[in-house]
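Trainee: One structure coming up, written as structure tokens, with questions to follow.
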Amino acid sequence: MRIVIVGASSFGLAIAEQLIESDHEVVLVDKSRDLLEQAAERIDCGMIEGDGSNPDVLREAFRDEDDVCIAVTNASEINILAALIARSIGYGRVIPQITSNALLRVCGELGLDDVINPHARVAEDIVEALDNGGEAAQEPLLQEGLMLTRVSVPERLAGQALNLPGEGRIVALIRDGAEQLPDKEITLQEGDILIIVLKREAQDALEKTFAG
């Protein structure tokens, strides 16, 4: 089985690394030569420079009906297109990354049942952490004075230094679907998802800070 990953994003590389560690054959596809060269410094796998939504490119990567195509570019629409084309070529399984709820419904209508929805996954993890059963539930994760929340970085805050209200702290960052612990000198990008802990009374101020 060959696994073709469309998109050399940090998420795509993370998937590729885990698959390679599990002895899977991986082919990475991206139209950016720079991203592929950077990827080559981290992982050892097949690489194809080209548009992952182009049928000719996906045919070049295809071997047989057991192959899997995972589309994790930064655009959900491109991922859907790549998945549909891969399915028509004969890939046995296609998995697009989708970040839009509206497009999730479209995927269902198109019969794309295997999807990656990182935002929903993070939301589920937070709810599970806050409402987990068993002994841990005897004490709340956060006391009344603090809250845990999730925000998306708008374009106007990209590249800016953040001064969070309520002594807020970023405890996790999701970029291109990949979860990571943020560095102290983090450079934000538009569309980044931040998990923030802050004083509860500062919630309104935080919402104003990240208003679109």
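The values are calculated or read from the model by the stated rules, or taken from the named source; none is laboratory data. The structure displayed is predicted, hence computed values, not measured ones. Backbone-built Cβ (ideal geometry, glycine too); neighbour counts: all protein chains shown. Just the protein is used for accessible areas: all its heavy atoms, side chains included, with ligands, DNA and RNA removed. Shrake-Rupley method; radii C 1.70, N 1.55, O 1.52, S 1.80 Å.
Trainee: How much of MET1 can a 1.4 Å solvent probe reach, expressed as accessible area in Å² and rounded to 10?
Mentor: Per-residue accessible area (MET1): approximately 100 Å².
Trainee: Now for a separate question. If Lys and Arg each add +1 and Asp and Glu each add -1, what is the summed charge of the other residues whose beta carbon sits under 15 Å from the beta carbon of PRO165? Walk me through the numbers on the way to the answer.
Mentor: Numbers: positive: ARG169, LYS199, ARG200, LYS208; negative: GLU167, GLU201, ASP204, GLU207.
Summing Lys and Arg as +1 and Asp and Glu as -1 gives 0.
Trainee: Here's a follow-up. Any idea what the relative contact order of the chain is, in percent, if you count C-alpha pairs under 8 Å spaced at least 6 apart? Write out the running numbers ahead of the final one.
Mentor: On the way: 366 pairs, mean separation 34.1, N = 212.
Reported relative contact order: 16 percent.
Trainee: Using only the alpha carbons, work out the radius of gyration and Dmax of the stretch 160-212 in angstrom.
Mentor: Rg then Dmax for the stretch 160-212, in Å: 11.1, 31.
Trainee: Treating the beta-carbon of each Lys and Arg as +1 and of each Asp and Glu as -1, no other charges, what is the dipole magnitude of the stretch 1-48 about its Cα centre, to the nearest 20 debye? Spell out each step's value before the answer.
Mentor: Values: 4 positive and 9 negative charges, 46 e Å.
The dipole magnitude comes to about 220 debye.
Trainee: Let me ask something else about it. Report the dimensions of the stretch 53-119 along its three principal axes from the alpha-carbon atoms, largest first, rounded to Å.
Mentor: Result, largest extent first: 32, 20, 17 Å.
Trainee: Keeping all protein chains in the complex and leaving out DNA, RNA and ligands, what accessible area do you get for SER76 with a 1.4 Å probe, in Å² to the nearest 10?
Mentor: 10 Å²
Trainee: Percent of Cα-Cα pairs more than 22 Å apart in the chain, please.
Mentor: Cα-Cα pairs of the chain separated by over 22 Å account for 57 percent.
Trainee: While we're looking at this one, here's another question. Residue by residue, what Karplus-based ³J(HN,Hα) values in Hz, rounded to whole numbers, does the stretch 83-94 have, using 6.51, -1.76 and 1.60 with θ = phi - 60° and x for Gly and Pro?
Mentor: 5, 5, 5, 4, 5, 5, 6, x, 4, x, 8, 10
Trainee: Quick one: which residues, 5 or more positions from ILE95 or on another chain, have an amide H under 5 Å from its amide H? H modelled 1.01 Å from N in the peptide plane, none for Pro or chain starts.
Mentor: Those lying under 5 Å, H to H, from ILE95 are CYS69, ILE70, ALA71.
Trainee: Would you please classify the overall shape of the stretch 26-89 from the alpha carbon gyration tensor, given that a ≥ b ≥ c denote the square roots of the eigenvalues, rounded means a/c under 1.5, and beyond that prolate means a/b larger than b/c while oblate covers the rest? Please list the in-between numbers first.
Mentor: Values: a/c = 1.98, a/b = 1.36, b/c = 1.46.
Cα axes put the stretch 26-89 in the oblate bin.
Trainee: Within 12 Å, Cβ to Cβ, of SER9, how many net charges do the neighbouring residues add up to if Lys/Arg are +1 and Asp/Glu are -1? Working shown, then result.
Mentor: On the way: positive: ARG175; negative: ASP30, ASP176.
Net of charged neighbours comes to -1.
Trainee: Which order do the peptides 55-65, 199-209 come out in when sorted by mean C-beta neighbours inside 10 angstrom, highest first? Don't skip to the answer; put the middle values down first.
Mentor: Working: 55-65: 15.5, 199-209: 13.8.
My ranking of the peptides, most packed first, is 55-65, 199-209.
Trainee: Compute the signed sum of charges (Lys and Arg +1, Asp and Glu -1) over the other residues within less than 11 Å, Cβ to Cβ, of GLY50. Mind dumping the intermediate values first?
Mentor: On the way: positive: LYS31, ARG33, ARG59; negative: ASP30, GLU49, ASP51, ASP56, GLU60.
Residues close to GLY50 contribute a combined charge of -2.
Trainee: Tabulate in residue order the Karplus-calculated ³J(HN,Hα) for the stretch 12-19, using 6.51 cos²θ - 1.76 cosθ + 1.60 with θ = phi - 60°, rounded to whole Hz; enter x for Gly and Pro.
Mentor: Values per residue, Gly and Pro as x: x, 5, 4, 5, 4, 4, 5, 5 Hz.
Trainee: With +1 on each Lys and Arg Cβ and -1 on each Asp and Glu Cβ, and nothing else charged, work out how big the dipole of the stretch 23-88 is about its Cα centre, in Debye to the nearest 20.
Mentor: Working: 6 positive and 16 negative charges, 51 e Å.
For the stretch 23-88, the charge dipole is close to 240 debye.
Trainee: List every residue whose amide H lies under 5 Å from the amide H of MET47, counting only residues 5 or more places away in sequence or on a different chain, with H placed 1.01 Å from N in the peptide plane.
Mentor: HN-HN under 5 Å from MET47: LEU28.
Trainee: Determine ³J(HN,Hα), in whole Hz, for all residues of the stretch 167-179 in sequence, where each value follows from phi through the Karplus function 6.51 cos²θ - 1.76 cosθ + 1.60 and θ = phi - 60°; x replaces Gly and Pro.
Mentor: Listing the rounded values in order: 6, x, 9, 7, 9, 7, 10, 10, 10, 6, x, 9, 7 Hz.
Trainee: Of the listed peptides 111-117, 154-160, what is their order by residue-averaged count of other C-beta atoms within 10 Å, with the highest listed first?
Mentor: Values: 111-117: 15.7, 154-160: 12.4.
Sorting 111-117, 154-160 by mean packing, highest first, produces 111-117, 154-160.
Trainee: For the chain, what is the calculated [θ] at 222 nm in deg cm²/dmol (nearest 500), taking -39500 (n - 2.57) for each run of four or more DSSP H residues and dividing by its residue count? It would help to have the intermediate numbers written out before the result.
Mentor: Values: 7 runs with 71 residues, N = 212.
Helices in the chain give a 222 nm mean residue ellipticity of -10000 deg cm²/dmol.
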